[in-house]
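Heads up: the structure comes next, in structure tokens.
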Amino acid sequence: MLSGRMLGEAGSRVILEEFLQGDELSFLVVSDGERVAPLVAAQDHKRAGDGDTGPNTGGMGAYTTRTIVEDQMRDWLVAHIARPVVAGMKAEGAEYKGVLYCGLMMTARGPWCLNSIAVRRSRDAAHSDAPRKRLGRGHGGIDRRPHQRRRFQVSNDAAVCVVMASGGYPGSYEAGKKITGLDDAGKLAGVKVFHAGTSKRDEAFYTSGGRVLGVTARAAELQTAVQRAYEACAKISFEGAHYRKDIAARALKKNSGVRGTSESQHRVTDAWLRIRASLKRCPDTKPCVGDAML
């Protein structure tokens, strides 16, 4: 990365940061400039290879479930991370309306906010949570009056996104590879294929970027959603295509009750229990429950 060939001028210096151990959490909220309502949280998979190996990428997939973050923790994150950002922006004369993306690390010392507070959506997280949420009936939106507001209705289904990437990504790669099988994949139950790095000519799709497709599946159970997503991936092909085969694998392992938890994982679990107990004593979480409506 310091050779200058991969990152150009950005590879001329480095910043040393503390290593944080825990689970990544992509936490998204929507704001009207004052109030904040949580959307669906998701867990991204940043490394290029299975088992979190290889170089970091923009994301190789993500998943979301109803239980990925508990209700009390969700309210704590809104009260202590998302809402202060929105309030601070308004106080500085830069009122923000829209989706706020919070990149978090859930560590043994509690949630840590990384450098990714952004006014954009994590692409893989967006692809995985989009099938799970919808707006209720009625007319309204972020800029509407109170009597026109809508409620967010979140499905209890799980959703999984698997990114199909160009050969060589996140390093150098060739574009212009013809993509086949999109129609067959889209016919599968609960499957939707999002285009990320594609172009279309002569009624055919070709690769035009590193992360080419976000193959997303939804189902009542996480395991079924994973199976559907990979069944869809198997129907799609282009030269050099590669994707991780273990999206949501840790969650499936945790749900199956497999033993073998490491000492560090035990410390994270113990810390989560302490945080959850402290939530009952945190008055700041109470207002955000009633405000979760736009």
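Values quoted throughout were computed directly from the atomic coordinates according to the rules given, and no laboratory measurement underlies them. Note that this is a predicted model, so its numbers are computed, not measured. Virtual Cβ from ideal backbone geometry, glycine too; neighbours counted across all protein chains shown.
In this rough spin-label picture, where each label sits 7 Å from Cα along the Cβ direction, the Ser208-Ser172 distance is 2.3 nm.
Projected label points at Ala249 and His80, each 7 Å from Cα along the beta carbon direction, are separated by 3.2 nanometres.
In a shell of Cβ-Cβ distance under 13 Å around Ser208, excluding Ser208 itself, what net charge do Lys and Arg (+1) and Asp and Glu (-1) give? List each step's numbers first, then the result.
Values: positive: Lys177, Lys178, Lys200, Arg201, Arg211; negative: Glu174.
Summing Lys and Arg as +1 and Asp and Glu as -1 gives +4.
Under the combined filter of DSSP loop state and at most 16 neighbouring Cβ atoms within 10 Å, the range 24-91 retains these GluC sites (Glu not before Pro): Glu34, Glu70.
Charge tally around Glu221: other residues with Cβ under 12 Å, Lys/Arg +1 each, Asp/Glu -1 each, net +2.
Quick check: from the Cα gyration tensor, does the range 1-110 come out rounded (a/c under 1.5), prolate or oblate? Oblate.
The spacing between the range 217-251 and the range 18-87, judged by their C-alpha centroids, is 21 Å.
Extending 7 Å from Cα along the Cβ direction at Leu16 and again at Asp52 yields two label points whose distance is 2.3 nm.
For the pair Gln153 and Ser199, the difference between a 0.36 nm per residue extended length and the Cα-Cα distance amounts to 13.2 nm.
Neighbours of Ala185, meaning other residues whose beta-carbon lies under 13 angstrom from its beta-carbon, give a summed charge of +1 when Lys and Arg score +1 and Asp and Glu score -1.
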